[in-house]
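So the structure is just underneath, and the comments pick up after that.
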Amino acid sequence: MNTRTLTYLLLIIIPNLFYAQDILEQNENWAKYSKVSIRYGKSDEMVVYELEKGKPNLAKLYKNDSLVSVSKINLTPEKLEKDSLSDGFTPNINLDYKVEIKRNKKGLVSEKYQRKFNGSTGYLEEEIVKYSYDQCNNITEEKRNFARLKKIDQARTFDSSNKNIIKYRYDYNKDCLWTKKYVLDKQGEKLLLATRKIE
């Protein structure tokens, strides 16, 4: 895989991961550690999270081993009230925005629905993403389905030809915490997305 393809995948995948889970996956073993360093692909940037009782409380960004920034992290995870946010359908289509989240028995996001108006295309767009997880609470598959609506009251009909499936694999330490994360390409080959050093 060339650098351009990996960069493209990272731009699509990484932002979406944060909708599906917190910075660190749900795992009680994080309490054993005080720090985790994450490097995406072969980037010269690295994020180091300092942990307090298994939760990140400070993030340090390094570039070429030089400290660039330090950010305090709110220990209270951001969660939408009742797992939904909506302005409802409004007369002004530009203001229309809605997010709905469904969770599985473990409290992990199993499905996310989002509706928003795309000003550049002039269409109302809807997307449903369904998530599957492994025994260590990490996403193994994202199934995306997208629809573009011409008007507010148009029936929701998703075009299955736009369905996109992304698959992930992991290398784990003894505490079921991943140390390497991969995305699978169309041939099923593993492409390295991120490496973590857990201390």
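The values are calculated or read from the model by the stated rules, or taken from the named source; none is laboratory data. What you see is a predicted model, and the numbers here were worked out from it, not measured in a lab. No Cβ is skipped: glycine too gets one built from the backbone with ideal geometry, and neighbour counts run over all protein chains shown. Only protein heavy atoms, including side chains, enter the accessible area calculation; ligands, DNA and RNA are left aside. Shrake-Rupley method; radii C 1.70, N 1.55, O 1.52, S 1.80 Å.
Among the residues of segment 111-134, the one identified as part of a strand (DSSP E or B), over 16 Å from Asn145 (Cβ atoms) and modelled with pLDDT of 90 or more is Tyr133. Cβ-Cβ contacts under 9 Å between residues 6 or more apart (or on different chains), taken from a first residue in segment 102-121 that is touching a residue at least 60 places away in the same chain (Cβ under 8 Å) to a second residue that is open to solvent by 30 Å² or more (accessible area, probe 1.4 Å) and acidic (Asp, Glu), are listed as Lys112/Glu100; Lys112/Glu127.
Kindly establish whether Ala147 is open to solvent by 60 Å² or more (accessible area, probe 1.4 Å), farther than 30 Å from Asn27 by Cα and modelled with pLDDT under 85.
So Ala147 fails the test.
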